[in-house]
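Below: the structure, in C-alpha cells.
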Amino acid sequence: MATRARIGILLPNGHVKAAYQHWDGYPGGLGYNLIHNWCNPTKVLRAIELGNASHWGEIIGERIDFDDRLNEQHAVQNVYYGRDRGEQDQCARSYENEQEYLAEGWGSGEEYIYLMRDQGARNVLGEAQGVWLYATRVWSDSKKDYDPAQGFEPLEARATEDRIRMLQHELKQINNNRKWAA
C-alpha cells in the first residue's frame, strides 16, 4: 500500500514548485531520505522539475525501465512516471505561496506534504543546504474537509525518530527469527 506525498521547494519569488511521490511518503521513509540525501536546493529543484515520481532514491539518476525492478538502479535513483514510464501530464505543479501549497497540495490523496526552504545555510563544504519541513493531513471534525490550519513543522527530528522506531522493529524481527531458527 502506498503512502503518498508531495515534495516542494520554496522559490526565491515566494512560489512553490512541487511534485507527487507515490511510495513510502511517511517521515521515516521519504522524510528521512530527504534530510539525508536531498539537502542541496539546486538538486531538489532539478528533481522536482522532472515531475511526479513513483519513488525518490538517493540520486536523480538517468532514464530507467520503470517496470524492471531487478535493475539495481531502481533502489538508488528516482523513478519518474513521465521520464521513465512515458506517461503524459506528470509535470510538477506551481503554487502561488506556501499557504496555497498547503491548502491545495493534497490533490492525489497525499498523507504528507514536504517543503524545502533555502534559508542561505551552507554545509562544511560551503554548499547550499536547505531546511526540510512537513505537514500531515489532519481532517476537521466533519471528516470531510482538510483543516489547513495545521501548518508546516520541522522534519529532521520527526524523520529520525520514525526511522529509529522502524529500525528497532526490524531488529526485533531479526532477533525473533534467530530464536525460531535455533
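Here are the numbers:
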quantity: Any hit, the stretch 21-33, residues being crowded, with 17+ Cβ neighbours inside 10 Å and farther than 25 Å from M166 by Cβ; calculated: no
quantity: Those helices (runs of 4 or more DSSP H) lying entirely in the stretch 65-182 with at least 3 residues modelled with pLDDT under 85 and farther than 15 Å from L34 by Cβ; calculated: 156-181
quantity: Close pairs from the stretch 55-78: first on the phi > 0 side of the Ramachandran plot and free of Cβ contacts under 8 Å to residues at least 24 places away in the same chain, partner of a type outside the set (A, V, I, L, M) and part of a strand (DSSP E or B), Cβ under 6 Å, at least 6 apart; calculated: G61/Q77
quantity: Residue among E127, E96, E100, E110 that alone is out of contact with any helix residue (DSSP H, G or I) (no Cβ under 8 Å at 6 or more places or on another chain), of a type in the set (D, E), touching a residue at least 60 places away in the same chain (Cβ under 8 Å) and surrounded by 17 or more Cβ atoms within 10 Å (Cβ to Cβ); calculated: E110
quantity: Unique residue being within 9 Å of the chain's Cα centre (by Cα), of a type in the set (A, V, I, L, M) and assigned to a helix (DSSP H, G or I) when the list is L45, L34; calculated: L34
quantity: Criterion violated by A19 - all others in (1) more than 30 Å from Q168 (Cα to Cα); (2) assigned to a helix (DSSP H, G or I); (3) small (G, A, S); (4) under 10 Å from the mean Cα position of the chain (by Cα) satisfied; calculated: (2)
quantity: Pairs, first within 19 Å of G25 (Cβ to Cβ) in the stretch 162-182, second exposed (fewer than 10 other Cβ atoms within 10 Å of the Cβ), C-beta under 8 Å, six or more apart; calculated: none
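The values are calculated or read from the model by the stated rules, or taken from the named source; none is laboratory data. Fair warning: this is a prediction, and the values are worked out from it, not measured in the lab. Glycine gets a Cβ as well: all are built from the backbone with ideal geometry, and neighbour counts include every protein chain shown.
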